[in-house]
Amino acid sequence: MNEDKTVPYQGFSEEPLTFQKVDTHREDTTLEQLLPTPEQEKVEKYIYEKTMEQISKYNEQEDKEFLESYQKELMNEMRIFLYPEPILRQICSPVEEITEEIVKFCHDLHLYAKKSRCLGLSAPQVGYPKRIIVVNEMIVGMEKRPHILINPVISNASGKSKYKEGCLSLPGIYAQVERVGSFDITYKDIEGKEHTERVEDVSKEIFGTVVQHEIDHLNGRLFVDIISAYEKDKVIKKINKLRGKK
Ligand SMILES: [Zn+2]
């Protein structure tokens, strides 16, 4: 990755959180309850329209200056980069030093995840190609897990688990994804301290699915890359429909 292309993170203004806690984790929760609420759909639609507007401008003008100002604008307002933006395919670089800028970014990304009511979010999704992920602890079952994970690494993985996933970078797309069933996760917190936690059974703990999904983002991988051919076919049709193609 070329460091020169990274736009410094500028921050965005904080607004009070008003939405309610979402329970996606209890044993009696059905998959239907995990689908977006009308409020979340509105947020997704807004993000999608705004970003498409920016992308269409970008296609008309290819100069570097414009691209930089476009990225800066997105960073300031922390908007989501949508598929097929190239940054979603980039391998993100590790955080070498936890600077003030990194700490501010982590807090903003974490707040943005809560405001967006998503389960988790990764730095490249807001245009910052560093190995940082966050989880939304307002989702029941994630309160006791870490919320900001820097340079996360999965090890000692075994077993399998399936879950219907979605992604803010692919609004309106949902598919069954198979992932590992148990693993260790090692990460640094914003103070630079290293931790390792065990996730014993992903089918019983949403956190296990979320961190696997977000770490994939750091390696340029999207959930639609690892679904079955049947699910992929449905997803491609949905993407084309969203883009107004037949
Ligand atoms: Zn995602």
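The charge dipole of segment 75-242, taken about the Cα centre with unit charges on the Cβ atoms of Lys, Arg (+1) and Asp, Glu (-1), comes to about 780 debye, rounded to the nearest 20. Quote the FRET efficiency, to the nearest 0.05, computed for Asp225 versus Ser93 with a Förster distance R0 of 25 Å and r equal to the Cβ-Cβ distance. About 0.75, to the nearest 0.05.
Expected output is a single nm value to one decimal: the length gained when fully extending between Glu143 and Ser158, i.e. 0.36 nm times separation in residues minus the C-alpha distance. What is it?
On the way: separation 15, 0.36 × 15 = 5.40 nm, distance 2.43 nm.
Once the chain is fully extended between Glu143 and Ser158, it gains 3.0 nm.
Indicate the gyration tensor shape class of segment 75-242 (rounded, prolate or oblate), computed on the Cα atoms with a ≥ b ≥ c the square roots of the eigenvalues: a/c under 1.5 is rounded; otherwise a/b larger than b/c is prolate and the rest oblate. Numbers along the way, then the final one.
Working: a/c = 1.70, a/b = 1.18, b/c = 1.44.
Verdict is oblate for segment 75-242.
Between the beta carbons of Thr196 and Lys241, assuming R0 = 45 Å, the FRET efficiency works out to 0.55 to the nearest 0.05. When the charge dipole of segment 75-242 is built from unit charges on Cβ atoms (+1 for Lys and Arg, -1 for Asp and Glu) and taken about the Cα centre, the candidate among Ser161, Tyr128, Ile227 whose Cα reaches farthest toward its positive end is Ile227. Measure out, as a whole number of angstrom, how far apart the alpha-carbon centroids of segment 192-246 and segment 133-171 sit. When both Cα centres are located, 10 Å separates them. Too long at a 32 Å Cα-Cα cut-off: which of Lys193/Lys234; Lys114/Lys193; Lys114/Lys204; Lys130/Lys162; Lys104/Lys241? Pairs exceeding the cut-off: Lys193/Lys234; Lys104/Lys241.
Every number in this text was worked out from the coordinates using simple rules, so none of it is lab data. If you're wondering where the values come from, they're calculated on a predicted model, not measured in any experiment. Counting neighbours? That spans all protein chains shown, and the Cβs are built from the backbone with ideal geometry, glycine included.
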